[in-house]
Amino acid sequence: MHDTLFQPLKLGAIEAKNRIFMAPLTRGRSTQPGSIPNEMMATYYGQRSGAGLIISEATGISVEGSGWFAAPGVWSDAQTEGWKLTTEAVHEAGGKIVLQLWHMGRLVHPDFLGGEPPVSASATKAPDHAHTPNGRKPHEPARGLDKDEIPRVVEDYRRAAENAKKAGFDGVQLHGANGYLVDQFLRDSTNLRDDEYGGSPENRTRFMREVLEALIDVWGADRVGIRLSPNGETQGCDDSDPAATFGAAARVIEELGLGFLELREAGPDGTFGATDVPKQSPMIRQIYSGPLILNSDYDAATAVADIEAGRCDAVSFGRPYISNPDLAERIRVGAGWAPNTNIPKSWYLPGPAGYIDYPTMEEEKAA
């Protein structure tokens, strides 16, 4: 039944052994201070190397862009060295892994910035609260980036991509989804600019394009991907015409020849970010000719259905991979859909509990 999921897939220069991908999942286990990847993280990713491709947790490109306590970074030498533990573990287990590059924009609380305001496309304020080292606090107003600051931010992405290469990753993915900085530039609820980075959908894709071009300079287009969330509101970031906005984004991605595109698409019954806004993947599929990965509330059967129908080429699974490190093997042998249930309260806790202690099938048999 699931043979479709075990066909190899070429993502530019990356050869995925199957179409069961691991979605990016923030877990908050890096070593503090310094946001340094560690041996425990290497164990976690190594356990999940049966995925056709692992997309790493969102990883800060700079101090300015990092506003999640204990999330890892990739701007320092120590962080780069720390990530080598993970890439070596994944490669030794026969897997492939790309690093997701993250700037949180207005979602960084000033507590992370020595009291300075966060930056965004425009001077706006995110709703709800930030999780800071000092507890939950309301988000505070961001300042809009001056036009002459944008090249500096693009260079931060470039430097992070260079460090990802030094660390041994197979490529990089730009985090352009979920209301973070790239998304803040793309969508008209958060991009209120009147210069060449704002206004029309084409102008609002300019920042995304410049960042992607920097990543391509480092890696080549065939080892660069992007994640978008083209339908519905996320963390206060929304768009009045998602078809126009994300059609323009898809045209840039096609023009640049990216190796892969991942879309997080919630539905009306979604368990995260439920929305009635139509999914944009059918339209995007008509524009972007490369490998398309879909994500959000899939199980094995619905993944097979969408791949066989031509709606996508692979599916990325998030929460099922938290508690089922050998998810691909469980699907292959028909062992039931993701039988280990994850515990949400352990998602972001420090330590191994709820992180590297979920058993594989072989471990269950041996117990």
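Each value in this text was obtained by applying a stated rule to the coordinates, not by laboratory testing. The shown structure was predicted, so the numbers you read here are calculated from the model rather than taken from an experiment. For neighbour counting, all protein chains shown are included, and Cβ atoms are generated from backbone atoms with ideal geometry for every residue, glycine included.
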Spherically averaged projected area of segment 167-247 from its Cα convex hull (nm²) = 5.6 nm²
note = Note, segment 45-62: 3J(HN,Hα) by Karplus (6.51, -1.76, 1.60, θ = phi - 60°), whole Hz, Gly/Pro = x, goes 6, x, 4, 9, 6, x, 4, x, 8, 9, 9, 5, 4, 4, 10, x, 8, 6
remark   = Residues Arg158, Arg204 in order from fewest to most other beta-carbon atoms within 10 Å are Arg158, Arg204
request  = Show the residues, 5+ positions off or on another chain, whose built amide H is closer than 5 Å to the amide H of Phe317.
outcome  = Phe21, Met22, Ala23
key: Segment Ser189-Arg159, length gained on full extension (0.36 nm per residue, minus Cα span)   = 7.9 nm
ask   = Between Asp297 and Glu39, what FRET efficiency follows from the Cβ-Cβ distance if R0 is 41 Å, with the result rounded to 0.05?
value = 0.80
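Just from its helices, what would the mean residue ellipticity at 222 nm be for the chain, if runs of 4 or more DSSP H residues each count -39500 (n - 2.57) and the sum is divided by every residue, rounded to the nearest 500 deg cm²/dmol?
Taking each H run of at least 4 residues, the total per residue is -9000 deg cm²/dmol.
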Calculated from backbone phi, Karplus (6.51, -1.76, 1.60) coupling profile of segment 327-334 in Hz, x at Gly/Pro = 3, 4, 5, 4, 5, 4, 8, x
For segment 142-152, Karplus couplings with θ = phi - 60° (6.51, -1.76, 1.60), whole Hz, Gly/Pro x = 8, 9, x, 5, 5, 4, 7, 8, 4, x, 5
query = Could you work out Rg/(2.2 N^0.38 Å) for the chain, with Rg from alpha carbons only?
reply = 0.92
request  = Calculate the spin-label point distance for Met361 paired with Ile343, positioning each point 7 Å from the Cα along the beta-carbon direction, and give it in nanometres.
outcome  = 2.6 nm
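Starting from 0.36 nm per residue, how many nanometres of slack lie between Asp241 and Lys125 once their C-alpha separation is accounted for?
My answer for the length gained is 39.7 nm.
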Number of Lys pairs (Cα under 16 Å; 8 or more positions apart or on different chains) in segment 3-366 = 8
message = Given an 8 Å cut-off on Cα distances and at least 6 residues of separation, report the relative contact order of segment 3-366 as a percent.
response = 17 percent
